[in-house]
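Notes follow once the structure below has been shown.
The values are calculated or read from the model by the stated rules, or taken from the named source; none is laboratory data. Only a predicted model underlies this, so the values are computations on that prediction, with no experimental measurement involved. Note that we place each Cβ from the backbone using ideal geometry, even for glycine, and neighbour counts take in every protein chain shown.
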Amino acid sequence: MVLRSTAVSRRFGRRAAALALTTALAAALPGPVSAAADAAAPARPTAYVDPLIGTANGGNTYPGANLPYGMIGWSPTSTRGDQTSTGAANGYEYGATRLRGLSLTHVNGAGCNPGAAGDVPIMPFVGDVTSSPSADTTDAVYAANFSHADERAVPGRYSVGLDSGARADLAVSQRAGVADFTFPADKPANLLFRVSNSLNGSEDAEVKIDQAHRKVTGSVLTGAFCGRRANGGTNNRKSYYRLYFTASFDRAFSSTGTWKDGTLSPGSTTGGGGEGYATGADRAGRGSGGYVGFDTGSDNDVHMRLGISYVSLAGAEANLREEIKPRASVDQVAAAGSRAWDRELRSVRIGGGSEAQRTAFYTALYHSLQQPNLVSDTDGRYPGMDGKAHRIERGQGAQYSNFSGWDQYRAQIQLLALLKPRIAGDFAQSLYNFAEQNGGVWDRWVHINGPTHVMTGDPTAATLATFYAMGVRNFDYRGAFDSLAKQATVPHPDGLSDAGCPGQCTGQRPNLAQYMTSGYAAQDVCHCWGGAAETLEDSVADDALGRWAKLLGRDEQAAYFADRGGWWRNVYNSAATDGAGIDGYIQARNLDGSWVTPFSPGSDRGFAQGTSATYTWMVPQDVQGLAEAMGGREVAAGRLDGFFHKADGSWSVKGGDALRYDPTNEPGIHAPWLYNALGQPWKTQATVRQILDTVYGTGPTGLPGNDDLGTMSAWYVFSALGVYPQTPGSANLLLGAPLFPHAVIDRPGRDLVIDAPAADATHAYVGGVRLNGRTHDRSWTDGSLLRTGGTLKFTLATEPDTTWATAPAGLPC
């Protein structure tokens, strides 16, 4: 158990108790109720969720069984003929209809290929096991084809029939699951436990078969998220967690065996060995596992109960015992899971819209609320970032992980804070716990208990500042602020390391001493992915810290960080040109102050997964300042027009053009909403509606790209509701045109109701807004709306209203 000073623990405990009392009192107060919205809202929103959305087109979602924020995500691992790879980053790609197992852990929408986890694939195999499954390097023998006609995915349950005649039906709780496997009668029936075959490989694995108690147990030591990246990949080819599992059966085994590498050991009950983290031939043929056989002569159905833990085998056993009753059926567990998802999804109750729009919306909400993920057991124990077992803090509900910070801080964490502030607070405390175990360093991409260093900037500062601004209080916010402020002001030795660069640079605030002296990250000495991108990211993070400090009453720190939030100006070059008449772009600089050349707005030199054309708009904290630098709001709006349209005026919002909007990646996803600050909000309304209608949709290709732990889905949820977070560290919401006539957002105490009675395919523009019955002539709301709740009522029109919310004095900053 990690220990803190008694004073800190007591303060945290008092804050949690005070928050619980405040929430309970607020819940007892009357609030406005939209009868029309509730009457029109679906009673079972899970009926509109399609887990297959995003399983093609690079969305990297997974269709398997999970619960909100759950530890287990039981989903297929597919193959295209290479046992060390899969059809997509998350182990499943809609076009790859051959699978080699059903693995226990997944992370939604992670972009590295292969992605996170995919631990312990379990394969129902029809036939005799006559050779080592690890030696089947092309998945020619111990894998099976399937048809999507024999596949069904719903929240909390997944089933698939294989061409071999075997079938799997899975349902889960948060840390455990049950399965029914059926096999063709009178044919050899086996379950293969591929304990070493995690998506990224493994350092070690073990399996034990207990015939007397009809159990299979084991573990895998793995990690290596993004460990195959060309840029810095070897830095992350390492282990940081061990997943334990226990599986018990309702019937005896007719045969057993294990394997290691190319050697099969029939009759054996123990085995082990890892695959390593290499790729292709360097990993092929390696690994271990075990199998159990069943006599299908009189009974061809096998029922299995399974629990997992990141702490111990005993933890896995306890999780299973606590969460699933001994004789629970798949139907019963699935029904409980469906109810859990319905409760979660009813946090936003929409009315109206088309069938396709409701499906896209509730699936996006489903993907948004899959993370963070539990890593603590039912007894509160979890694996720390220091490699030791810890117990959750006093007042903390659970320990969560899987933080794709660079992605999530732009939309997903705001949605989490809006809908689930208690979970958000536990997540904030979780990240703080990890940082304390990691020498005070807040990693920008945390997987389970591993600091992976993936991406750039300091996203945790932006995340926790946003949580606090949006009213989240159930975490040690003073301690967390002090720790993040120290990270932003006290250089760390890792900041001078190039290990992992450019994609996984070890330093969280690279070359901080130089940054604070120069006011920008110098491209030639920054030890980062890109100096210009790092400067913009740190400016956003510092501005958020300044806003947080102001809310805490720390005026001196607030002023200091607010000033640093303006350092984006130090990489804005007014003389940078596209050569066609547009001047003024974000550009990387060297230590001596010179600009990095040659320059092109379509180049990614100095940037991270984006170009200057995209990053030039990444100043959400100071849009007015950016517009001024460009020559005024009119000039900036004209340039923004060119960001979303081709020269002939046609839309360009689907990506693939280095000079224009890219909906598949994060640096520019806020850009459609910038028109509000430029005094032309009708263009935000038109652009957002175009993206909702043409970039997102239903079916496997319904997401524009990597969901990135719910980020792209959260963008859709906000945009469809007609609101969007203005900037990190703030509770302000920008206003657009709602897609649905009615929506009710659950808030502690008093709900937020959004009414737009005329909303339909033709009414895409705002003609007026009333906030709690009063005329509201601004294209944004401040944080009081989230604190008190209330009603936003939109008058929508078929044509742009170029007068609403355009007064310069009322524009968002």
* Please verify whether the range 770-784 includes one or more residues that are in contact with a Leu (Cβ under 8 Å, 6 or more places away or on another chain), surrounded by 19 or more Cβ atoms within 10 Å (Cβ to Cβ), closer than 17 Å to G722 by Cβ and of a type in the set (A, V, I, L, M). => no
* Asked: Going through the range 401-447 one residue at a time, which ones are charged (D, E, K, R) and either closer than 21 Å to R478 by Cα or surrounded by fewer than 24 Cβ atoms within 10 Å (Cβ to Cβ) (or both)?
  -> K420, R422, D426, E436, D443, R444
* For the range 118-126, indicate whether the set of residues that are modelled with pLDDT under 95 and either in contact with a Lys or Arg (Cβ under 8 Å, 6 or more places away or on another chain) or aliphatic (A, V, I, L, M) (or both) is non-empty. => no
* Could we say that G380 is without any contact (Cβ under 8 Å) to a residue 60 or more places away in the chain and closer than 18 Å to Y69 by Cα here? -> yes
* Hey, can you tell me all the residues within the range 94-117 that are out of contact with any His (no Cβ under 8 Å at 6 or more places or on another chain) and modelled with pLDDT of 95 or more? => G95, A96, R98, L99, R100, G101, L102, S103, L104, T105, H106
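Out of all the residues in the range 58-92, which are surrounded by fewer than 21 Cβ atoms within 10 Å (Cβ to Cβ) and within 22 Å of G697 (Cα to Cα)?
The answer is G58, and nothing else.
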* Structure fact -> Within the range 475-515, the residues that are more than 23 Å from D604 (Cβ to Cβ) and assigned to a loop (DSSP other than H, G, I, E, B) are F475, D476, V490, P491, H492
* Among the residues of the range 618-631, is any part of a loop (DSSP other than H, G, I, E, B) and within 28 Å of A465 (Cα to Cα)? -> yes
* To do: Identify, by number, the condition in (1) of a type outside the set (D, E); (2) in contact with a Pro (Cβ under 7 Å, 6 or more places away or on another chain); (3) under 23 Å from F481 (Cα atoms) that W548 doesn't meet.
  => (2)
* Asked: What residue, of G450, G495, G500, is over 19 Å from Y560 (Cβ atoms), buried (at least 19 other Cβ atoms within 10 Å of the Cβ) and free of Cβ contacts under 8 Å to residues at least 40 places away in the same chain?
  -> G495
* Asked: Residues in the range 79-87: is at least one at pLDDT 95 or above, in a loop (DSSP other than H, G, I, E, B) and either closer than 17 Å to T711 by Cα or touching a Gly at 6+ places or on another chain (Cβ under 6 Å) (or both)?
  -> no
* **Flag for A658 being in contact (Cβ under 8 Å) with a residue 40 or more places away in the chain and in a helix (DSSP H, G or I)** => no
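In contact (Cβ under 8 Å) with a residue 40 or more places away in the chain, more than 14 Å from A465 (Cβ to Cβ) and part of a helix (DSSP H, G or I): does that describe A533?
On the way: in contact (Cβ under 8 Å) with a residue 40 or more places away in the chain: yes; more than 14 Å from A465 (Cβ to Cβ): yes; part of a helix (DSSP H, G or I): yes.
Answer is yes for this residue.
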* To do: Kindly provide the set of residues from the range 791-813 that are within 25 Å of L418 (Cα to Cα) and either in contact with a helix residue (DSSP H, G or I) (Cβ under 7 Å, 6 or more places away or on another chain) or surrounded by fewer than 22 Cβ atoms within 10 Å (Cβ to Cβ) (or both), ordered by number.
  => T791, K793, T795, A805, G810, L811, P812, C813
* Return the residue satisfying two criteria in turn: it lies in the range 679-703 and is among the small types (G, A, S) and not in a helix (DSSP H, G or I), and of such residues it is farthest from A96 (Cα to Cα). => G679
* Could you tell me whether the range 508-517 includes any residue that is buried (at least 21 other Cβ atoms within 10 Å of the Cβ) and either aromatic (F, W, Y) or closer than 18 Å to G593 by Cβ (or both)? => yes
* Kindly indicate whether F599 is over 29 Å from the mean Cα position of the chain (by Cα), within 30 Å of A647 (Cβ to Cβ), part of a loop (DSSP other than H, G, I, E, B) and among the aromatic types (F, W, Y). => yes
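Restricting to the range 723-756, name every residue that is assigned to a strand (DSSP E or B), aliphatic (A, V, I, L, M) and touching a Leu at 6+ places or on another chain (Cβ under 6 Å). Working first, answer last.
Residues of the range 723-756 that are assigned to a strand (DSSP E or B), as a first pass: 723-725, 733-735, 742-745, 752-755.
Subsequent filtering for residues that are aliphatic (A, V, I, L, M) retains 723, 733-735, 743-745, 752-754.
Within the range 723-756, V723, A743, I745, I754 meet the criteria.
Determine whether the range 153-163 contains at least one residue that is among the hydroxyl-bearing types (S, T, Y), touching a Gly at 6+ places or on another chain (Cβ under 6 Å) and in contact (Cβ under 8 Å) with a residue 24 or more places away in the chain.
Start the filter on the range 153-163 by keeping residues that are among the hydroxyl-bearing types (S, T, Y), which leaves 158-159.
Subsequent filtering for residues that are touching a Gly at 6+ places or on another chain (Cβ under 6 Å) retains 158.
Restricting the remaining residues to those that are in contact (Cβ under 8 Å) with a residue 24 or more places away in the chain gives 158.
Yes: the range 153-163 contains one or more residues that are among the hydroxyl-bearing types (S, T, Y), touching a Gly at 6+ places or on another chain (Cβ under 6 Å) and in contact (Cβ under 8 Å) with a residue 24 or more places away in the chain.
Could you grab me the full set of residues in the range 104-153 that are among the polar types (S, T, N, Q), assigned to a loop (DSSP other than H, G, I, E, B) and over 30 Å from D708 (Cβ atoms)?
Filtering the range 104-153 for residues among the polar types (S, T, N, Q) gives 105, 108, 113, 130-132, 134, 137-138, 145, 147.
Narrowing the set further to residues that are assigned to a loop (DSSP other than H, G, I, E, B) leaves 105, 108, 113, 130-132, 137-138.
If the condition is that a residue be among the polar types (S, T, N, Q), assigned to a loop (DSSP other than H, G, I, E, B) and over 30 Å from D708 (Cβ atoms), then T130, S131, S132, T137, T138 are the ones that fit.
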* Checking A521 against (1) out of contact with any Asp or Glu (no Cβ under 6 Å at 6 or more places or on another chain); (2) surrounded by 22 or more Cβ atoms within 10 Å (Cβ to Cβ), which test does it fail? -> (1)
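Please go through the range 440-474 and give me each residue that is part of a loop (DSSP other than H, G, I, E, B), closer than 20 Å to A488 by Cα and of a type outside the set (D, E), ordered by number. Outline the logic, then answer.
To start, the set of residues in the range 440-474 that are part of a loop (DSSP other than H, G, I, E, B) comprises 440-444, 448-449, 452-458, 470-474.
Now drop any that are not closer than 20 Å to A488 by Cα, which leaves 440-444, 452-458.
Result: G440, V441, W442, R444, T452, H453, V454, M455, T456, G457.
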* Do we find a residue being among the hydroxyl-bearing types (S, T, Y), surrounded by fewer than 17 Cβ atoms within 10 Å (Cβ to Cβ) and out of contact with any Lys or Arg (no Cβ under 9 Å at 6 or more places or on another chain) anywhere in the range 287-309? -> yes
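Against the definition (assigned to a strand (DSSP E or B), modelled with pLDDT of 95 or more, out of contact with any Phe, Trp or Tyr (no Cβ under 7 Å at 6 or more places or on another chain) and surrounded by fewer than 21 Cβ atoms within 10 Å (Cβ to Cβ)), how does S159 come out, yes or no? Write out each step before concluding.
On the way: assigned to a strand (DSSP E or B): yes; modelled with pLDDT of 95 or more: yes; out of contact with any Phe, Trp or Tyr (no Cβ under 7 Å at 6 or more places or on another chain): yes; surrounded by fewer than 21 Cβ atoms within 10 Å (Cβ to Cβ): yes.
Spelling it out, S159 is indeed assigned to a strand (DSSP E or B), modelled with pLDDT of 95 or more, out of contact with any Phe, Trp or Tyr (no Cβ under 7 Å at 6 or more places or on another chain) and surrounded by fewer than 21 Cβ atoms within 10 Å (Cβ to Cβ).
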* Name the strands (runs of 3 or more DSSP E) wholly within the range 202-273 that hold at least 2 residues that are at pLDDT 95 or above and under 30 Å from H447 (Cα atoms)? -> 204-210, 215-223, 239-249, 255-260, 270-272
